[in-house]
Amino acid sequence: MGQNVAVLAPIMTGQPVIPVIVIDDAGKAVPLARALAAGGLPAVEITLRTEAALDAIEAIASEVPEAVVGAGTALNAKQYEACRAAGARFVVSPGFTPELAEAADGANVPLLPGCVTSSEIMAALEEGYTHLKFFPAGQAGGVAYLKALASPFSAVRFCPTGGVSPDNAGDYLDLPNVVCVGGSWVAPKEAVASGDWDRITALAKEAAGLG
């Protein structure tokens, strides 16, 4: 019942920023993951928003041992299973459903589900989930909203994603109920497209120093 916190918690606490990557070319996945890991961000979330996503996850899982590759935007049990089969070490969802919880129950790949409202958080807690994604963070109330959740849900730890940037990441990370943030700025699309891995490593180093 619930996520494998023993597996998920070290991933979330191991780095202040988890890169959220939309990748169009699976051939870029391995050097991208190596560049991020070299900058101090080994855990990376590849979102299922492109046809290249599962191939990218599989490539990183098999060729970049220093990386901890996760899958994002999993919406149902079928996608969860596809991510697990591709080698994802963790799976992230923007929401939380009984179907997803059942798919992850007892599995060796932890699920990080998204919850925003008090009722959603309570439902997740009833299923044993204490580490949650908060998405879309900016639109859902941001730092002030998460601060308000800290007291009634003192056992919950969040990873805010959506609208998080270098300008506000520190404000999120200062909250006691936030252990990391998700962000796409560490791997700009133009840098990935041009193969500017040095720039991505430099951005990763800056992000790894936050918090």
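Computed values, structure above
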| quantity | calculated |
| --- | --- |
| Any hit, the stretch 145-161, residues being open to solvent by 10 Å² or more (accessible area, probe 1.4 Å), closer than 24 Å to Ala37 by Cα, under 18 Å from the mean Cα position of the chain (by Cα) and modelled with pLDDT under 95 | no |
| Members of the stretch 24-36 that are surrounded by fewer than 23 Cβ atoms within 10 Å (Cβ to Cβ) and touching a strand residue (DSSP E or B) at 6+ places or on another chain (Cβ under 8 Å) | none |
| Among the residues listed as Trp185, Trp197, the single one being in contact (Cβ under 8 Å) with a residue 40 or more places away in the chain, out of contact with any strand residue (DSSP E or B) (no Cβ under 6 Å at 6 or more places or on another chain) and not small (Gly, Ala, Ser) | Trp197 |
| Single match in Pro110, Pro98, Pro94 (criterion: under 27 Å from Ala140 (Cβ atoms) and touching a Lys or Arg at 6+ places or on another chain (Cβ under 8 Å)) | Pro94 |
| Top-ranked residue of the stretch 37-58 - restricted to ones that are part of a helix (DSSP H, G or I) and not charged (D, E, K, R), ranked as surrounded by the most Cβ atoms within 10 Å (Cβ to Cβ) | Ile57 |
| Of all residues making up the stretch 83-99, the number that are in a helix (DSSP H, G or I) and open to solvent by 50 Å² or more (accessible area, probe 1.4 Å) | 4 |
| Residues of the stretch 5-23 satisfying the condition of being open to solvent by 10 Å² or more (accessible area, probe 1.4 Å), under 22 Å from Gly128 (Cα atoms) and in contact (Cβ under 8 Å) with a residue 12 or more places away in the chain | Val5, Val7, Ala9, Ile11, Thr13, Gly14 |
| Selection from the stretch 180-211 of residues that are open to solvent by less than 60 Å² (accessible area, probe 1.4 Å) and in contact with a Gly (Cβ under 9 Å, 6 or more places away or on another chain) | Cys180, Val181, Gly182, Val186, Ile200, Thr201, Ala202, Leu203, Ala204, Ala207, Ala208, Leu210 |
| Thr73 vs. criteria touching a strand residue (DSSP E or B) at 6+ places or on another chain (Cβ under 6 Å), open to solvent by 10 Å² or more (accessible area, probe 1.4 Å), more than 20 Å from Val179 (Cβ to Cβ) and modelled with pLDDT of 95 or more | yes |
| Long-range neighbours under 8 Å by Cβ, at least six apart or interchain, first residue in contact (Cβ under 8 Å) with a residue 12 or more places away in the chain and at positive phi within the stretch 145-173, second crowded, with 22+ Cβ neighbours inside 10 Å and in a helix (DSSP H, G or I) | Gly162/Ala137; Gly163/Ala137 |
| Condition broken by Gly170, with the remaining ones in (1) open to solvent by 30 Å² or more (accessible area, probe 1.4 Å); (2) more than 16 Å from the chain's Cα centre (by Cα); (3) closer than 15 Å to Pro16 by Cβ satisfied | (1) |
| Top-ranked residue in the stretch 100-136 [being open to solvent by less than 30 Å² (accessible area, probe 1.4 Å) and of a type in the set (Phe, Trp, Tyr); ranked as modelled with the highest pLDDT] | Phe134 |
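The values are calculated or read from the model by the stated rules, or taken from the named source; none is laboratory data. No experiment lies behind these values; they were computed from the predicted model shown. Neighbour counts are summed over all protein chains in view; Cβ atoms, including those assigned to glycine, are modelled from backbone coordinates with ideal geometry. SASA here: full protein model, heavy atoms, side chains in, ligands and nucleic acids out. Shrake-Rupley method; radii C 1.70, N 1.55, O 1.52, S 1.80 Å.
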